[in-house]
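Encoded as structure tokens, the structure appears first; notes follow it.
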Amino acid sequence: MEKEPTMEKKPVKEKKVTIDPATLEMLEYAQNQGITTPFDRGKIVKPCPIGQEGNCCRVCFMGPCRFVGKVEVGVCGATKETIQARNIARFIAAGAAAHGDHGRNMAMTLLAVAEGKAPGYKIKDVKKLYKVASYLAVETKGKSVEDIAADVARVVLGEYGKQEGELLYVKRAPPKRQALWRKLGIAPRNVDREVVETMHRTHMGTDQDAEHILLQALRCALSDGWGGSMMATDISDILFGTPVPISATSNFGALKEGEVNVVIHGHEPTLAEMLVIEANDPEVVEYAKSKGAKGINLVGMCCSGNELLLRHGVPVVGNFLQQELAIATGAVEAVVVDYQCIMQGIVEAASKTHTRVITTSPIAKITGATHIEFDEHRAPEIAKLILRTAIDAFPNRKDINIPDYLDRLVVGFSHEYIAYMQGGVYRESFRPLNDAIMQGRIRGAAAVVGCNNVHTVHDEAHINLVKEFIKNDVLVVTTGCNAVACAKYGLLTPEVKRYAGPGLSEICEVLGIPPVLHLGSCIDNSRILTILTQCATEGGLGEDISDLPVVGVAPEWMSEKALTIGAYAVASGVYTLFGGVSPVEGSDSTVKMISSGWEELVGGKLEFEPDWRKILEKSLAHIDLKRKNLKLEEYNPTKFARSSTYIPGDVYSDEDFKKGLTTRSGLK
Ligand code: BF8
Ligand code: SF4
């Protein structure tokens, strides 16, 4: 390809931006191609220091009011605490809206499938359908699968707008937690209402008591975790199958030189599933061959990538900050997107190559992209059109550079599978896991999840935290872009148990699991809530989620959805640590409200800590404190299985960790 000298070639490594060698290689290549990425733009666009700390109010046009210098109140008299609480509540509402809409779309699809109006789809997991029907009090006796599915879909859709009662899934939480939510008045009523009410309450001149606003923010977040997200996960499982372990590969090396590479990026699995089916259609494959390609290679990115990875073993090429880099390889014929976490920059990047960016959601167009609107009533035909559009781009390929990195992994640990592997079909439980925690073989658990952010070194905190947690006998569950990071570093293989602490390693061996369990997309953080509930109610670890020796961590977060997830984790009783700067940093009292203040109310707290080492320290201290409160034996790293698995800390270098684990350049 003719190199366009639109960007001055500078050494990429002025400041460490990523720990990922494939990303580093591609960054240099992209710069040579004149393709800019968030890594470049992040150097130019610096965060506004006022907004970054939550010190700006934009909810009316007497402002925006900036709380700088001696300014203590806005034009309307609003205090800094009020405006900060409003800001964070609005972030949380936006995140809940995004997940909620996703769940609604899934329910609409389920209804269309049940009514026979969505050709190409079918109900794959009938067992799960029955289970969900029981949660939703849908009568199943004497009814066909389709009728049950239609009723489930209708009840779910009703959960978005019903005017009375509370979300039905509230009952899936431990009884003690439900009672607490009701006592505090934060049991969510319906999915849409909590978002709408949060927007109303944060309108100029409405709710002007920070603690009161923040309580509503928690209720809104709960309507996501125990509502929109949980229903989205359940319906995805019903339609496309509940994940079970599957092996796959990840990283840029999954792109194939001689094939039409289609990157599926975004969040909803509906179109993605149909693309998997249609990519194998002989007519479509023949069409690809007619254009000189050997076939079609689907790969995933971000959360759509996770959905496909879990259910089909479709390789995932990268996480959030790598989207333009995939295009820069010159080997991607199309990036097919729906919504959320899609950088507008991909269109500009694609303009430098032959790549087609195809938007598909009726709610998300990008200027300059090709829009082929998805409609589940005509899914096979639309999927074919999208694939043909990608194939048509293949002959326009010029130079390509596919970094030689390919990692293998095992994913697909749904709550259902984790219960199954602890007792089989007839005796499934969480007993062995709870016992292992009680004995101290497993010290506790950490959910390490969330995004990438240009203001932190790409993947560094993700990977270091996961490694350190397992080394310290803390079982890790992962979703979203952390899961993709783990995939790229060989952390999702069972062999990694050798590098886990002795007790955890032993349990992994007995149960046949890796010490890092990939649970899915960010929507699937709801699976973590279900797992926590089962741990809390199984016996021996207290009675509520807040009793458990667990933490939630999002070390490189950037999105509003991440904040919503963090807030619902807190409201469910989990100590949750985010990396980076607090969005309420500008006021000590608001910082306290969401940490110790929320902890007093709901047992979980939200803290922001830019240094991943301190996140680790705080997490382990919290896990040990919870163990102490439960009167469990003090954690002792030397007690178990020293003989075969113990790896002393002093040899725990990055190189040693990777030795023999990843299959970089070995698999192709
Ligand atoms: O929902 S982890 S960057 S891709 S928001 Fe986005 Fe963050 Fe990635 Fe999926 Ni989640
Ligand atoms: Fe300023 Fe009050 Fe308007 Fe906010 S609501 S912009 S603080 S006047």
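The values are calculated or read from the model by the stated rules, or taken from the named source; none is laboratory data. Note that the coordinates shown come from a computational prediction; the quantities given were computed from them, not determined experimentally. Positions of Cβ are backbone-derived with ideal geometry, glycine not excepted, and every protein chain shown enters the neighbour counts.
Structure summary
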| quantity | calculated |
| --- | --- |
| Residue match in the range 548-568 (condition: among the aromatic types (Phe, Trp, Tyr) and out of contact with any Cys (no Cβ under 8 Å at 6 or more places or on another chain)) | yes |
| Residue check, Arg527 away from ligand 2 (no atom under 16 Å from the Cβ) and modelled with pLDDT of 95 or more | yes |
| Some residue of the range 431-449 being within 15 Å of ligand 1 (Cβ to nearest atom), touching a strand residue (DSSP E or B) at 6+ places or on another chain (Cβ under 6 Å) and closer than 29 Å to Ile327 by Cα | yes |
| Hits in the range 100-121 (condition: outside any helix (DSSP H, G or I) and free of Cβ contacts under 8 Å to residues at least 40 places away in the same chain) | Glu115, Gly116 |
| Matching residues in the range 51-90 - criterion: being more than 9 Å from ligand 2 (Cβ to nearest atom) and part of a loop (DSSP other than H, G, I, E, B) | Glu53, Gly54, Asn55, Val68, Gly69, Lys70, Val71, Glu72 |
| Residue satisfying condition, being in contact with an Asp or Glu (Cβ under 8 Å, 6 or more places away or on another chain) and in a helix (DSSP H, G or I), within set Ala326, Ala349 | Ala349 |
| When residues of the range 584-608 are limited to those that are in contact with a Gly (Cβ under 7 Å, 6 or more places away or on another chain) and at pLDDT below 95, the one nearest to Ala85 (Cα to Cα) | Val584 |
| Among the residues listed as Lys127, Lys131, Lys141, the single one being out of contact with any Pro (no Cβ under 7 Å at 6 or more places or on another chain), in a loop (DSSP other than H, G, I, E, B) and not hydroxyl-bearing (Ser, Thr, Tyr) | Lys141 |
| Residues that are touching a helix residue (DSSP H, G or I) at 6+ places or on another chain (Cβ under 7 Å), in a helix (DSSP H, G or I) and either surrounded by fewer than 21 Cβ atoms within 10 Å (Cβ to Cβ) or among the aliphatic types (A, V, I, L, M) (or both), drawn from the range 181-196 | Leu184, Val191, Asp192, Val195 |
